[in-house]
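The values are calculated or read from the model by the stated rules, or taken from the named source; none is laboratory data. The structure presented is a predicted model; accordingly, all values stated were derived computationally and were not measured. Ideal geometry is used to build each Cβ from the backbone, glycine not excepted, and the neighbour counts take in all protein chains shown. Heavy atoms of the whole protein, side chains included, go into the accessibility calculation; ligands, DNA and RNA do not. Shrake-Rupley method; radii C 1.70, N 1.55, O 1.52, S 1.80 Å.
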Amino acid sequence: MPPTAAEPRILISVATYNERDNLTPLVREIRQAVPAADVLVIDDNSPDGTGDLADRLAVDDPHVRVMHRAGKLGLGTAILAGMRYAMDEGYDYLLNMDADFSHHPRYLPAILAGMKRNDVMIGSRYVKGGGTVNWPLSRRLMSRGVGLVVRMLMRIPARDTSGAYRCYRVSKLRAARLDRLRSRGYSFQQEVLYRCRKAGCKIGETPIIFEDRRAGSSKVNPKEAVRSMGMIVLIGLAAFFGMDER
């Protein structure tokens with residue numbers, strides 16, 4: 001059933017690179033969880049045929065759209081492309097999630113429900129009821145350490161500032177000066193939250209359990225993680241001392 005005039009138009013964006021084994025069940029579970037939402041698959045020319053599979057899903061379901069990109073351009077640029085698509089196409093909410101089932105679709109209704117009183121809703125591992133499964137201590141410490149630095153320097157009132165499972169009010173994204181974003185790697189998540197806070201967004205969180213991917217291999221890049229931490233500190237210090245540009 002299509003949404004009524006009173007219901008928000010929702011776009012759920014999923015960035016893919018070699019996610020062929022996950023894509024069909026993921027889209028199916030997203031559509032079951034939020035039947036009125038559209039799903040945008042942003043594929044970075046996956047060698048395993050993920051983009052071709054997305055095209056076939058779009059033929060069978062008018063709620064599925066596909067954006068093909070020339071190559072592996074990174075998660076930050078994919079999310080930004082989804083944001084621009086949502087603004088261009090007049091959506092009310094943009095919800096971004098990973099394609100590997102680490103962000104389970106069962107949390108979609110709770111995230112969307114939080115948008116009634118917030119402008120950004122985060123699927124959070126670090127509020128009561130949230131957590132991670134099978135993470136090594138080093139990864140947990142790094143994630144929490146980044147969150148602490150971000151809260152202190154950027155003054156973002158959220159416990160989980162590095163996860164990508166989020167919903168944004170599109171009208172607020174228009175005011176968030178996304179053209180000034182400097183990050184394209186992992187630090188994109190923190191910087192876009194900072195831009196949203198500067199635009200006056202009210203930020204909320206709802207608990208999720210972050211799970212290991214069901215299929216495929218991890219795409220974590222240690223060198224990019226180090227570069228991103230440097231960018232977070234650079235942006236954070238500028239924010240803390242009032243030297244950042246609006």
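Hey, does the stretch 58-80 have a residue that's charged (D, E, K, R) and closer than 20 Å to Gly185 by Cβ? Before you say what the answer is, go through the steps one by one.
Initially, the stretch 58-80 is screened for residues charged (D, E, K, R), giving 60-61, 65, 69, 72.
Narrowing further to those that are closer than 20 Å to Gly185 by Cβ: 69, 72.
Yes - at least one qualifying residue is present in the stretch 58-80.
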Search result, residues across the stretch 18-35 that are touching a Pro at 6+ places or on another chain (Cβ under 8 Å) and either of a type in the set (Val, Ile, Thr) or open to solvent by 40 Å² or more (accessible area, probe 1.4 Å) (or both): Asn18, Glu29, Ile30, Gln32, Val34
Inter-residue pairs, beta-carbon under 7 Å, first modelled with pLDDT under 95 and in the stretch 58-76, second open to solvent by less than 70 Å² (accessible area, probe 1.4 Å) and hydroxyl-bearing (Ser, Thr, Tyr), 6+ apart: Lys72/Tyr17; Gly76/Ser183
Cβ pairs under 6 Å, 6+ apart, first in the stretch 6-32 and within 15 Å of Val66 (Cα to Cα) and in contact (Cβ under 8 Å) with a residue 40 or more places away in the chain, second open to solvent by 50 Å² or more (accessible area, probe 1.4 Å) and part of a helix (DSSP H, G or I): Ala15/Leu75
Within the stretch 48-57, tally of residues that are open to solvent by less than 20 Å² (accessible area, probe 1.4 Å) and either at pLDDT below 95 or assigned to a loop (DSSP other than H, G, I, E, B) (or both): 1
Condition met for Asn45 (modelled with pLDDT of 95 or more and surrounded by 18 or more Cβ atoms within 10 Å (Cβ to Cβ)): no
Inter-residue pairs, beta-carbon under 7 Å, first small (Gly, Ala, Ser) and in the stretch 82-101, second open to solvent by 10 Å² or more (accessible area, probe 1.4 Å) and assigned to a strand (DSSP E or B), 6+ apart: Ala99/Ala15
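A quick yes/no check of all residues on (1) farther than 16 Å from Asp38 by Cα; (2) open to solvent by less than 40 Å² (accessible area, probe 1.4 Å); (3) modelled with pLDDT under 95; (4) part of a strand (DSSP E or B):
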position: Ala86; (1), (2), (3), (4): no, yes, no, no
position: Leu94; (1), (2), (3), (4): no, yes, no, yes
position: Arg106; (1), (2), (3), (4): yes, no, no, no
position: Ala110; (1), (2), (3), (4): yes, no, no, no
position: Ala113; (1), (2), (3), (4): yes, no, no, no
position: Asn118; (1), (2), (3), (4): yes, yes, no, no
position: Gly129; (1), (2), (3), (4): yes, no, no, no
position: Arg139; (1), (2), (3), (4): yes, no, yes, no
Residue within the stretch 160-172 that is open to solvent by 80 Å² or more (accessible area, probe 1.4 Å) and either modelled with pLDDT under 90 or in a loop (DSSP other than H, G, I, E, B) (or both) present: no
First in the stretch 180-199 and closer than 21 Å to Asp98 by Cβ, second anywhere and part of a helix (DSSP H, G or I) and of a type in the set (Phe, Trp, Tyr), Cβ under 9 Å, 6 or more apart: Leu181/Phe188
Number of positions in the stretch 62-76 that are in contact with a helix residue (DSSP H, G or I) (Cβ under 9 Å, 6 or more places away or on another chain) and open to solvent by less than 30 Å² (accessible area, probe 1.4 Å): 3
